Amino acid sequence: MEIKEERFRPILVTKGRKTGKPHSVWLRAVKYNEKIYFSRHRPDGDWYQNSIANPEVKIQYNNMEFSGKAVPVTDEKLNEKISQLKYPGEERANEKRVAIEITLDDSIK
């Protein structure tokens, strides 16, 4: 894995759950225990729903593209940790969120 930062802003590319077309969004991400996490307040966002429906995702960062598989985070303690890492020292770090965990493939495109 070439992503060294704990917090970074990549582009997450998902496959549209309705159209099947690529859907790109610039998001804040967290790297923790060699996994990549994206979170939000509610599960109604397109990128979140797309990643659940079609878990094969891509992350574009620093002129590299990584492929991986997304799964929803169901462990509340892990969700809390991700929020704390994403928003260190901020009040919103204590807000309840939903997150996806991405395990990256070894290949870099």
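Taken together, the values in this text are just the output of simple stated rules run on the coordinates, not laboratory data. Predicted model, so just to flag it, every value in this text is computed and none were measured. All Cβ positions, glycine included, derive from the backbone under ideal geometry; neighbour counts span all protein chains shown.
So here's what we get for this one:
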| quantity | calculated |
| --- | --- |
| Subset tally (residues that are under 18 Å from K69 (Cβ atoms) and out of contact with any helix residue (DSSP H, G or I) (no Cβ under 9 Å at 6 or more places or on another chain)) for the stretch 34-47 | 4 |
| Residues of the stretch 27-81 classified as closer than 22 Å to E2 by Cβ, in contact with a Gly (Cβ under 8 Å, 6 or more places away or on another chain) and either basic (K, R) or part of a helix (DSSP H, G or I) (or both), total | 1 |
| Cβ pairs under 6 Å, 6+ apart, first in the stretch 77-103 and closer than 14 Å to H41 by Cα, second in a helix (DSSP H, G or I) and hydroxyl-bearing (S, T, Y) | A93/S83; R97/S83; I100/S51 |
| Residue satisfying condition, being more than 14 Å from the chain's Cα centre (by Cα), of a type in the set (D, E) and under 16 Å from K31 (Cα atoms), within set D75, D105 | D105 |
| Unique residue being in contact with a Phe, Trp or Tyr (Cβ under 6 Å, 6 or more places away or on another chain) and under 12 Å from L12 (Cα atoms) when the list is I102, I59 | I59 |
| Residue count for the stretch 82-109, restricted to those that are assigned to a strand (DSSP E or B) and polar (S, T, N, Q) | 2 |
| Residues that are surrounded by 13 or more Cβ atoms within 10 Å (Cβ to Cβ) and part of a strand (DSSP E or B), drawn from the stretch 8-26 | F8, I11, L12, V13, T14, K15, H23, V25 |
